[in-house]
1. Within segment 143-166, is there a residue that is in a strand (DSSP E or B) and farther than 23 Å from R106 by Cα?
2. Can you work out which of the residues in segment 408-421 that are farther than 21 Å from A273 by Cβ and in contact (Cβ under 8 Å) with a residue 24 or more places away in the chain is surrounded by the fewest Cβ atoms within 10 Å (Cβ to Cβ)?
3. Does at least one position in segment 403-423 carry a residue that is more than 26 Å from F237 (Cβ to Cβ), of a type in the set (V, I, T) and in contact with an Asp or Glu (Cβ under 7 Å, 6 or more places away or on another chain)?
4. Residues to consider are T88, T79; find the one that is in contact (Cβ under 8 Å) with a residue 60 or more places away in the chain, assigned to a helix (DSSP H, G or I), surrounded by 15 or more Cβ atoms within 10 Å (Cβ to Cβ) and among the hydroxyl-bearing types (S, T, Y).
5. Taking the condition of being more than 19 Å from the chain's Cα centre (by Cα) and in contact (Cβ under 8 Å) with a residue 60 or more places away in the chain, how many residues in segment 116-157 meet it?
6. Scan segment 371-391 residue by residue and report those that are out of contact with any Lys or Arg (no Cβ under 8 Å at 6 or more places or on another chain) and either touching a residue at least 60 places away in the same chain (Cβ under 8 Å) or not in a helix (DSSP H, G or I) (or both).
Amino acid sequence: MNNIDLHEILWKLRIESLNPMQEETIQAYRKGDDLVLLSPTGSGKTLAYLIPLVQHLDSARGGVQAVVLVPSRELALQTEQVFKSMGTAYKVVSCYGGRPAMDEHRTLRSVQPQVVVATPGRMNDHLSKGNIPVENISTLVIDEFDKCLELGFQEEMSQVISKLPKLKRRFLLSATDAPQIPNFVSPNHFVKLNYLSEDEQTVDRVSLYQVFSPVKDKLETLERLIRKSGATSSLVFVNYRESVERVGNYLKQRGIYCELFHGGMEQKDRERALYKFCNGSCNVFVSTDLAARGLDIPDIGQIIHYHLPLNEDAYIHRNGRTARWDAEGRAYMILGPEEKMPEYIRDEVETYRIDGKLPAPVQPNWVTLYIGKGKKDKINKVDIVGFLSKIGGLGREELGRIDVKEHYSFVAVSRKKLKSVLQNIRGQKIKGIKCIIEEAL
């Protein structure tokens, strides 16, 4: 175990203290056993494994020492960002489908990380090509393991683990329990830490409602519900990619600004949509169950099940997007004439009626600017704040979330100031660098 100071990590993350689940997990990790951590969505599982993982890295050893497997690109990127935010001397690289593996190979060679976060398929690809040295990989983390161990991933997971001959530690995490853990994952006994309540299907702070649609096509009922909700941040779940497009296009035609999110979209479009929802530039986010897991989206006021969840696990993960930490939230189930509440929902559900005259659709208070430069161009958050304040004429309260990526950046600015700020910065340079600055559409 190295001498990394936990208090310093928490200070850099702007966290006052760990919660009981995180503290017990860190203590259990130190004992050296294989672990299974079951804890609700939004309870801080990522830090629960990253902190002890970082504390047990060995700076004297070269090469990759730990592999973190995740089921989606978004969770890979999010985990990488949390790791970097901890501010240690150790390095991390994320690998996932949707971009050239050769580019990742070059990054792996130049960065020489101690930790690799990857989706199973892309990790398998790099291991097969010898792009990642395996002789020092002793720790395997599987986040959202119930998803990673579904039938579609089973073979890939088995192949990945078979290529890691020096594994000593396995750490599995999820917000729902799995019936069993396949033998190929670990020959050892797992210590299970279960922070799921006995009735784990709902969070006490989530109020459940049913909304009846008079016709099979529920689009008009959805529109009315969103308009009644005003500026509330709403995550709308549907079961199919085609439905995301159909629902999203209908809402846009009715004057409701929304972003779309599903696995068939280009990665850059998914990232842009997610940033706009996270920074308040978009109040309505229409997605498949891809957004039900692993994404760190703060302050979601309500979940709308346009399509009923396919199973209880999907229901749990969807509702877990709201009422995170100590917040409260709502979940609405829109039911067509022939639909009934699923049997696994045993709580009393109140009927929600949308009566009276509805307000016009509400526009978000923020809008996102795209800046065509990022970390690789030596641009940071301080540079962007200074530029938009001094040149753009924005006050502190008119600047929102700033995300600086490798080659570009996103900035939330007050919608009321969009035209003036674009006019003020036209033709101007950031740190002497000319770059594209425009509204992110």
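1. Yes, because at least one residue in segment 143-166 is in a strand (DSSP E or B) and farther than 23 Å from R106 by Cα.
2. Ranking the candidates gives S420 first.
3. yes
4. Answer to the check: T79.
5. 11
6. Those that are out of contact with any Lys or Arg (no Cβ under 8 Å at 6 or more places or on another chain) and either touching a residue at least 60 places away in the same chain (Cβ under 8 Å) or not in a helix (DSSP H, G or I) (or both): I371, G372, K373, N380, I391.
Rundown of residues vs (1) closer than 25 Å to V367 by Cβ; (2) free of Cβ contacts under 8 Å to residues at least 60 places away in the same chain; (3) assigned to a loop (DSSP other than H, G, I, E, B), yes/no style:
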residue	(1), (2), (3)
V247	yes, yes, no
K252	yes, yes, no
R270	yes, no, no
L290	yes, no, no
G294	no, no, yes
I297	yes, no, yes
Y315	no, no, no
Y332	no, no, no
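A quick yes/no check of all residues on (1) crowded, with 19+ Cβ neighbours inside 10 Å; (2) closer than 30 Å to S43 by Cα:
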| residue | (1), (2) |
| --- | --- |
| E104 | yes, no |
| I132 | yes, no |
| I161 | yes, yes |
| A178 | no, yes |
| P182 | no, yes |
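The values are calculated or read from the model by the stated rules, or taken from the named source; none is laboratory data. Quantities reported herein were computed from a predicted structural model and do not represent experimental measurements. Neighbour counts run over all protein chains shown; Cβ positions are idealised from the backbone, glycine included.
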